[in-house]
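Shown next, in structure tokens, is the structure this report addresses.
The values are calculated or read from the model by the stated rules, or taken from the named source; none is laboratory data. Everything numeric here is computed off the predicted structure, so don't read it as measured data. Because the Cβ atoms are built from the backbone with ideal geometry, glycine has one as well, and the counts that use them run over all protein chains shown. The area values use the complete protein model at the heavy-atom level, side chains included, leaving out ligands, DNA and RNA. Shrake-Rupley method; radii C 1.70, N 1.55, O 1.52, S 1.80 Å.
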Amino acid sequence: MSSPVRERIMGRSPDRHRAGVWMYDATTIESKWQDYWDRNRTNQPDLDAAESPFYNLMMFPYPSAEGLHVGNMYAFTGADFHGRFQRLRGNDVFQPIGFDAFGIHSENHALKLNVHPMKLIPSNIANFTRQLKSTGIMYDWSHTVDTTDPEYYRWTQWIFLKLYEAGLAVKKEAPVNWCPSCKTVLANEQVIAGECERCGTLVTQRMLSQWFFRITEYTDRLLANLDTIDWSETTLTAQRNWIGRSEGAALRFPVEGADPIEVFTTRPDTVFGATFMVLAPEHPVVDLVTVPDQRDAVERYRRESAALDLKERQKTDARTKSGVFTGAYATNPATGEPVPIWIADYVLMDYGTGAIMAVPAHDQRDFEFAGEHDLPVVPVVIPADADVSAPPAGEPDLAAAYTEHTENEVLINSGDFSGAPATEAAGRIVDWLAQRELAEATVTYRLHDWCISRQRYWGPPIPIIYCDDCGPVPVPEDQLPVVLPYVEDFKPGDDGVAPLAKDRSFYQVDCPTCGGSARRETDVSDTFLDSSWYFLRYPSADLSDGPIDAERTERWLPVNAYIGGEEHAVLHLLYSRFITMVLHDLGHLGFEEPYRRFRKHGLLIRNGSKMSKSRGNVVNPDDYIERFGADTFRTYLMFLGPYEEGGDFRDEAILGPHRFLSRAVDAVETAVEAGSEGFPDPAVERALHQAIRQVTDDFARLSFNTAIAALMELLNELRGGGRVPTLDEVRPFVVMLGPIAPHAAEELWELLGGAPSMFDAATWPEWDADKLITDTVEVPVQVNGKLRATVTAVRGASEEDLRQAALSEEGVRRHVEGSEIIKTVHVPDRLLNLVVRTSEG
RNA sequence: GCCGGGGUGGCGAAAUGGCAGACGCGAGGGACUUAAAAUCCCUUUGGAGUUACCUCCAGUGCGGGUUCGAAUCCCGCCCCCGGCACCA
């Protein structure tokens, strides 16, 4: 009762009944070990000499003013379980953290609070740091990254210059997504269903001169390399879909007064059914071909569609497709027939060639358009089993004309190709047209170049100077960083001019080349550029004369394990792959894929929807950590459900993990008091080895909920029937508890006489296959696949022995009597199934 | 509409071709206690029959199929969640 051991751990304090539940003194233990780790640099691997480096990365947070929320912590805790597991397995684990603190997100928040981001961000970071340190996550705080630190973004700017030198950063006038509320350009990836990702405002289109990274130069590699990296399958699929490779053909439709109009199609086999063409309203050919009579109507339509915001343009009822005839005709390259040229806003200028051949019989949208504007519909593909000899004639039946593309189709109404299978005809038609230079096989991608210009304040200035005489001049490397100046009025203007354009002392400079008067670029770069290389910086965060140290990078990268949210599957994860590839090609990196392994974690659900700030259902972890301790909260979060699928946050369930840890402490304390050693009980020893096998496998595949369940089961076994476990029994248990509840595990490890820190001293237990084997096994016996009995048999018992044992069971006999056993299925030591047929039946 | 992930007790879940519901929450009962809390023990899918014990039937969103055997594999639906969306 009052043994020194108990005094020591529990302190016999009134605190033992916290949260209405008995518990060990988590507060004291957790601060004790956090101090210990800090003082002894426990979490700082030797970056220059580690022999078994393991880079365990998690997605760094944006430090919001609300602080760390449980969703962040869920992500980090899973990654920490994995990192600590790797550490106990003998690896030198580098697990850094940082802050993605630039960007519209932060800036908007500063605007809302009316606090300058240069004041707000540091205090947010301080708060995040405090919270993160309370979670017991194994961060190396000596190598953090803050993207707003000039010593960091100096190298972000350096990367821009490298791309510029390589011709991969170009300025071009382009229609861009414009958010009227955020007053800035958005990348396609930031437009969600026609709305701004940040504020939900409807996005409009504008023409602006912008800096683009030519990521489209890398599409093939970005796609092909996906087959070589070990990532969550769903993430790979998301990236493949985003890159959006589609194979097809470019077909040219000759037209008078202009070059032939090129279209892209994935179905060249349907070209005989192309009865009209549709161009995007902005398409340059429109000006050349529109007949005088139609000019007014065309101009009006163009103005109308330009004024529509994206959302409006997209949600237009599909059955009322607007459009205007240009009065001009092109020639269908296959039929030689004239086809009318229309413009319509359902054709997008920035996909394919901005023009389509319309095949109304076989495309839903073209069909609707034809119906709306009374255009001819000619079916050219029918199922192979349909009646080819009787093609539809006379008035086209619009409702019937539309057919889905299916396998086993053949062509009709297609000249010499009629009767040919559609898939095969596609290639032949392209070849046939190619002979007359009217077609070629091509590939089109959905992926666009990456617009990195932002007409905002809170980002790294783009390091370019415009000189009247020399043109755009890159800022010389030795003049980096181009420091973001303090600007009192950092609000964006709605004229598309960045806040920095109001600061003459910033933009007025001499040309670095000719010395003449020049003007700095006043746009800043996209936040995704900041985060596209942060993981490269971590190991070299203490380096000031370069972005990365070659030797350290060689030792630690590529990243061994990256864990993060699926929401970044197509943004950050694509951009960072691209930047890594470019730096590789420019000779700065020895690898071209940044993350060897990526696993997405699931979403935390609360009240039926995902936990996010925009849904207002976020939970702050501070209260839980204070009431139950970080160890309990960590265990609870990972016990909710499968880590890769997410979980339902219901806090009443936290008592389970809480009791588990309290019982674990109690078990080790009683073991130390009793002081017994060895493995006196074979059943318990077997349970221990089973648990080691299960927990080891589960940690390796991030199945944390089942790993915790296995340890709970083991603990129940160790304490079953009031049993006092031995020291040898609890030792491996404590080690396996390490990744889950590191503070408690350290305390118990020390109590067991181990040298701190356990993460240096302890080794992960091994399971012994011999110890798992029992002399006898319980074999389920089925009759016709239904369980009828379980028989105890010696391991490796023969089918005949099992059969005899089974037939002596009352429950089996009842179902076999009066029937004939026609077959026996025997899975050694696992199952016996007797298949019977009723004799009288 | 398209892509991805799901649907199993009152709840979170486990089991990936071989004993469905491990582990935990909640609930009910009991022990301890003056009492409460905490702790410990038992019960907990539904139905039926026998009530020491146990037996039978049904059951993993719905309908089919493959198999000696299906939550798991195949086909066709329905519903929920997340993402994308006139992508030619």
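Observations, loosely collected:
- Qualifying residue in region A:697-713 (condition: assigned to a loop (DSSP other than H, G, I, E, B) and of a type in the set (Val, Ile, Thr)): no
- Residues in region A:647-681 that are assigned to a helix (DSSP H, G or I) and near RNA strand B (Cβ under 7 Å from one of its atoms): A:Glu652, A:Ala653, A:Leu655, A:Gly656, A:Pro657, A:Arg659, A:Phe660, A:Ser662, A:Arg663.
- Filter pass, A:Ser576 being over 30 Å from A:Arg663 (Cβ atoms), within 14 Å of RNA strand B (Cβ to nearest atom), among the polar types (S, T, N, Q) and in contact (Cβ under 8 Å) with a residue 40 or more places away in the chain: no
- Evaluation of A:Val781 against (1) open to solvent by 90 Å² or more (accessible area, probe 1.4 Å); (2) closer than 28 Å to A:Val816 by Cβ (one fails), failing number: (1)
- Selection status of A:Thr774, more than 25 Å from A:Arg599 (Cα to Cα) and without any contact (Cβ under 8 Å) to a residue 60 or more places away in the chain: no
- Residues satisfying the stated conditions in region A:438-473, i.e. within 16 Å of RNA strand B (Cβ to nearest atom), surrounded by fewer than 19 Cβ atoms within 10 Å (Cβ to Cβ) and more than 32 Å from the chain's Cα centre (by Cα): A:Glu440, A:Ala441
- Extreme residue, surrounded by the most Cβ atoms within 10 Å (Cβ to Cβ), among residues of region A:197-254 that are part of a strand (DSSP E or B) and of a type in the set (Lys, Arg): A:Arg252
- Selection count where residues are open to solvent by less than 90 Å² (accessible area, probe 1.4 Å) and in contact with a strand residue (DSSP E or B) (Cβ under 7 Å, 6 or more places away or on another chain), scope region A:795-817: 10
- Some residue of region A:756-772 being in the same structural domain as A:Ala710 (by TED's automatic domain parsing), closer than 23 Å to A:Thr27 by Cβ and among the acidic types (Asp, Glu): no
Each row is one residue, and each column tells you yes or no for (1) more than 25 Å from the chain's Cα centre (by Cα); (2) buried (at least 19 other Cβ atoms within 10 Å of the Cβ); (3) within 30 Å of A:Asp545 (Cα to Cα); (4) of a type in the set (Ser, Thr, Tyr).
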{"site": "A:Ser123", "(1), (2), (3), (4)": "yes, no, yes, yes"}
{"site": "A:Phe128", "(1), (2), (3), (4)": "no, yes, yes, no"}
{"site": "A:Tyr139", "(1), (2), (3), (4)": "no, yes, yes, yes"}
{"site": "A:Tyr164", "(1), (2), (3), (4)": "yes, yes, yes, yes"}
{"site": "A:Ser181", "(1), (2), (3), (4)": "yes, no, no, yes"}
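- The lone criterion from (1) of a type in the set (A, V, I, L, M, F, W, C); (2) modelled with pLDDT of 90 or more; (3) more than 10 Å from RNA strand B (Cβ to nearest atom) left unmet by A:Val618 is number (2).
- For region A:394-419, the candidate set comprises residues that are in contact with a helix residue (DSSP H, G or I) (Cβ under 7 Å, 6 or more places away or on another chain) and at pLDDT 85 or above; within that set, the residue that is surrounded by the fewest Cβ atoms within 10 Å (Cβ to Cβ) is A:Gly415.
- Some residue of region A:327-339 being within 12 Å of RNA strand B (Cβ to nearest atom), surrounded by fewer than 22 Cβ atoms within 10 Å (Cβ to Cβ) and within 22 Å of A:Ser305 (Cα to Cα): no
- Boolean, A:Gly720 is near RNA strand B (Cβ under 8 Å from one of its atoms) and either surrounded by fewer than 19 Cβ atoms within 10 Å (Cβ to Cβ) or not assigned by TED's automatic domain parsing to the domain that holds A:Glu669 (or both): yes
- Out of A:Ala65, A:Ala75, A:Ala101, one residue alone is open to solvent by 10 Å² or more (accessible area, probe 1.4 Å), assigned to a loop (DSSP other than H, G, I, E, B) and either at pLDDT below 95 or not basic (Lys, Arg) (or both). It is A:Ala65.
- For region A:775-796, the criterion of a residue being closer than 30 Å to A:Arg41 by Cβ and either within 13 Å of RNA strand B (Cβ to nearest atom) or not in a helix (DSSP H, G or I) (or both) is satisfied by no position.
- Checked against the criterion of being among the β-branched types (Val, Ile, Thr) and open to solvent by less than 10 Å² (accessible area, probe 1.4 Å), region A:540-551 contains not a single residue that satisfies it.
- Identity of the residue in region A:420-431, over 39 Å from the mean Cα position of the chain (by Cα) and open to solvent by 80 Å² or more (accessible area, probe 1.4 Å), that ends up farthest from A:Gly273 (Cα to Cα): A:Asp431
- Single residue of region A:257-285 satisfying the filter (open to solvent by 10 Å² or more (accessible area, probe 1.4 Å) and in a strand (DSSP E or B)) that is farthest from A:Ala441 (Cα to Cα): A:Glu262
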